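To start, the structure itself, in structure tokens.
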Amino acid sequence: FAPKVLDGHQLLITAGPTFEAIDPVRGITNLSSGKMGFAIAAAAKAAGAEVTLVAGPVHLPTPRGVQRINVQSARQMLEAVQSHVAHASIFIATAAVADWRPASFNDQKIKKDGSGDVPALAFVENPDILATVAQSERAQRGDLYCVGFAAESHDLLAHATAKRVRKGVPLLVGNIGPATFGQDDNALLLVDAHGHRELPRASKAALGVQLVQELARRLPALQAK
Ligand code: C5P
């Protein structure tokens, strides 16, 4: 067999939204189909990597040969990531993680009492999964290559450039607008320490393959292992 570009690599990837429960029947979430993350997982597997996919609530089939862990909340996503990151050489965060969760969970459904009063919901901040992983010792040493995503409504290059530095990751991938929630195609802006490069609009499957090739080019040190 011909060698593949991610042979010997272990990829851990998050995808989809998180769902933060308010009570047994309600919660807050983000718009995200998970399609980009699932496409990258499939492309990385086809490129020879062992792939673990931590997925929020999405309606997508598991790519062949990929280990999938289903989670709901940001805290569950972080826990799943932390228990599978030890041997990973690449971490890609495509998940649209809810920034906040309700400060408390009501065991029983909050009832409408007819008075017109509305519940006052308090929120607390969720952990930043990508930033947490990027700060880990293995990532800092260069043994774990971390990639973040960004969805912005304007000034994508400026925001993606700032976000790359803030999150402490070598590569930040911006979704080039307009918002592509649920669609099968996308266009990506790759931002690293050297500059930026665009992957023009294409199917998410094709972009997954291109992104994997870009990754492989950026991983010479790991490839030698
Ligand atoms: O800060 P922002 O949410 O725009 O950053 C987006 C990037 O950070 C994505 O890669 C996303 O998966 C990741 N992220 C995360 N945990 C959070 C928030 C964002 O991993 N709580």
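So for region 66-75 (the condition being surrounded by 18 or more Cβ atoms within 10 Å (Cβ to Cβ), touching a residue at least 24 places away in the same chain (Cβ under 8 Å), within 16 Å of the ligand (Cβ to nearest atom) and in a helix (DSSP H, G or I)), does at least one residue qualify? Yes, that holds for at least one residue. Scanning region 54-89 for residues that are in contact with a Pro (Cβ under 7 Å, 6 or more places away or on another chain) and under 20 Å from Ala39 (Cβ atoms) gives Gly56, Pro57.
Kindly provide the set of residues from region 98-132 that are within 14 Å of the ligand (Cβ to nearest atom), farther than 25 Å from Arg218 by Cα and either hydroxyl-bearing (Ser, Thr, Tyr) or part of a strand (DSSP E or B) (or both), ordered by number. Break it down stepwise before answering.
We begin by selecting, within region 98-132, every residue within 14 Å of the ligand (Cβ to nearest atom); these are 98-101, 123-132.
Now restrict to residues that are farther than 25 Å from Arg218 by Cα: 98-101, 123-127.
Correct list: Trp100, Arg101, Phe123, Val124, Glu125.
Within region 1-38, the set of residues being more than 15 Å from Ala93 (Cβ to Cβ) and crowded, with 22+ Cβ neighbours inside 10 Å comprises Leu6, His9, Glu20, Lys35.
Against the numbered list (1) under 24 Å from Asp99 (Cα atoms); (2) in a helix (DSSP H, G or I), Ala42 comes up short only at (1).
Of all residues in region 148-173, those satisfying the criterion of being under 24 Å from Gly34 (Cβ atoms) and among the hydrophobic types (A, V, I, L, M, F, W, C) are Phe149, Ala150, Ala151, Leu156, Ala160, Val169, Leu171, Leu172, Val173.
Total residues in region 15-32 satisfying the condition of being farther than 30 Å from Pro119 by Cβ and not small (Gly, Ala, Ser): the figure is 0.
Select, from Ala80, Ala42, Ala55, Ala93, the only residue that is crowded, with 19+ Cβ neighbours inside 10 Å, over 20 Å from Asp143 (Cα atoms), within 14 Å of the ligand (Cβ to nearest atom) and of a type in the set (A, V, I, L, M, F, W, C).
On the way: Ala80 fails: over 20 Å from Asp143 (Cα atoms); Ala42 fails: within 14 Å of the ligand (Cβ to nearest atom); Ala93 fails: over 20 Å from Asp143 (Cα atoms).
The unique qualifying residue is Ala55.
Residues of region 133-160 that are within 8 Å of the ligand (Cβ to nearest atom), out of contact with any Phe, Trp or Tyr (no Cβ under 8 Å at 6 or more places or on another chain) and either of a type in the set (Val, Ile, Thr) or in a loop (DSSP other than H, G, I, E, B) (or both): Glu152 alone.
Is there a residue in region 83-92 that is touching a helix residue (DSSP H, G or I) at 6+ places or on another chain (Cβ under 7 Å) and assigned to a loop (DSSP other than H, G, I, E, B)?
If we filter region 83-92 for residues that are touching a helix residue (DSSP H, G or I) at 6+ places or on another chain (Cβ under 7 Å), which is where we start, we get 85, 89-92.
Restricting the remaining residues to those that are assigned to a loop (DSSP other than H, G, I, E, B) gives 85, 89.
Yes, region 83-92 has at least one match.
Rule-based calculations on the coordinates, nothing more; no lab input. What you are looking at is a predicted structure, and each value in this text was computed from that prediction instead of being measured. With ideal geometry, Cβ positions are generated from the backbone for all residues, glycine too; neighbour counts draw on all protein chains shown.
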